[in-house]
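For reference, the structure is listed below as structure tokens.
The values are calculated or read from the model by the stated rules, or taken from the named source; none is laboratory data. Given the structure is predicted, the values throughout are model-derived calculations rather than measurements. Cβ atoms come from the backbone with ideal geometry, glycine included; neighbour counts cover every protein chain shown.
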Amino acid sequence: MQLSSKHLLGIRDLLPGDIQLILDTARQFKEVLQRPIKKVPSLRDITIVNLFYENSTRTRISFELAEKRLSADTINFAASGSSVSKGETLLDTVNNILSMKVDMVVMRHSATGAPHFLAKHIPAAIVNAGDGINEHPTQALLDALSITEKLGELKGKKIAIIGDIMHSRVALSNIYLLTKMGAEVTLAGPPTLIPKHIKDAFGVNVTYNVKEALEWCDVANVLRIQLERQNQVLFSSLREYNQAYGITRPLLDSLQKEVLIMHPGPINRGVELDSDVADSKQSIILDQVENGVAVRMAVLYLLSGRKESTS
């Protein structure tokens with residue numbers, strides 16, 4: 001089996017069967033990662049460039065590790081200190097890199113649609129590692145893998161996405177994926193951080209009461225407050241945000257059930273999530289990190305078109 005698309009530009013473009021294939025393949029690669037020798041030759045002689053125009057630590061390291069585990073040849077490119085800072089265009093940069101016979105490009109960019117632009121102009125397979133406030137597809141896939149490991153299939157599960165929905169590409173990719181796979185989604189947070197149109201546009205529920213969302217859901221995916229993307233004051237203070245919308249131990253203890261806690265990182269501890277919640281047994285945040293490598297291995301392997309066994 002193979003994906004219906006040559007690229008992974010967003011979850012919006014994937015079929016439910018594509019999502020299932022990636023998750024199933026990721027489970028096979030996760031077994032590989034448990035072995036004493038964690039490397040397979042699946043992408044030997046495939047060259048991948050990691051093209052990061054925006055700062056990233058976890059996503060970049062996760063992709064690099066996935067590529068090394070697959071035995072790919074990798075080139076790491078950071079926009080700072082490169083010809084980009086001297087005025088070189090995106091297309092010029094990529095064409096120069098492709099002249100080195102690159103097969104795949106993993107790209108993070110602050111401009112929405114940058115990976116889609118590349119996909120129209122160059123022959124290499126493109127993996128979107130986050131574009132503007134649009135999508136972050138591999139994060140949604142690793143979130144889905146983490147949920148299914150704990151709760152089984154996604155269909156019928158109740159997922160609350162809590163926090164800065166307005167500026168979150170993680171939220172958008174998760175909404176696309178969860179609704180495609182039959183889960184129910186509720187968005188929760190301050191009215192100023194939830195787009196007005198989103199309920200009707202995506203068929204999701206919206207509440208401005210975090211406790212109400214927690215009482216409803218099986219899983220709470222808590223998002224970081226992205227102050228760097230906010231060009232106006234959208235809530236009074238971080239302290240007041242924590243009091244009104246933060247996930248605290250007393251709040252979770254007040255529920256009549258146990259909710260799984262997720263976070264894409266980095267965590268603003270004491271703001272959207274308190275440390276005694278992030279580090280508790282209800283948290284599957286470290287599972288998300290581990291699953292990120294397996295999911296990215298699966299995506300790269302499937303987009304390469306290789307037919308070898310993942311074992």
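Once the range 78-112 is narrowed to residues that are among the charged types (D, E, K, R) and at pLDDT 80 or above, the residue that is nearest to the chain's Cα centre (by Cα) is R108.
Please report, ordered by residue number, the strands (runs of 3 or more DSSP E) entirely within the range 99-215 with at least 3 residues that are hydrophobic (A, V, I, L, M, F, W, C) and within 15 Å of L260 (Cβ to Cβ). Explain how you work it out, then say what you get.
Numbers: elements: 104-109, 125-131, 158-162, 184-188, 205-207.
The qualifying strands (runs of 3 or more DSSP E) are 158-162.
Restricting attention to the range 166-193 and to residues that are of a type in the set (V, I, T) and at pLDDT 95 or above, the residue that is nearest to I247 (Cα to Cα) turns out to be T186.
For the structure I just gave you, tell me whether R296 is in contact (Cβ under 8 Å) with a residue 24 or more places away in the chain, of a type in the set (D, E, K, R) and over 27 Å from L193 (Cα atoms). It would help to see each step written out before you state the result.
On the way: in contact (Cβ under 8 Å) with a residue 24 or more places away in the chain: yes; of a type in the set (D, E, K, R): yes; over 27 Å from L193 (Cα atoms): yes.
Judged against the criteria, R296 is a match.
Within the range 278-293, if we keep just the residues that are part of a helix (DSSP H, G or I) and touching a residue at least 40 places away in the same chain (Cβ under 8 Å), the residue that is farthest from E149 (Cα to Cα) turns out to be V293.
Considered as a group, the residues in the range 159-218 that are among the aromatic types (F, W, Y) and in contact (Cβ under 8 Å) with a residue 40 or more places away in the chain include one that is surrounded by the most Cβ atoms within 10 Å (Cβ to Cβ), and that residue is Y176.
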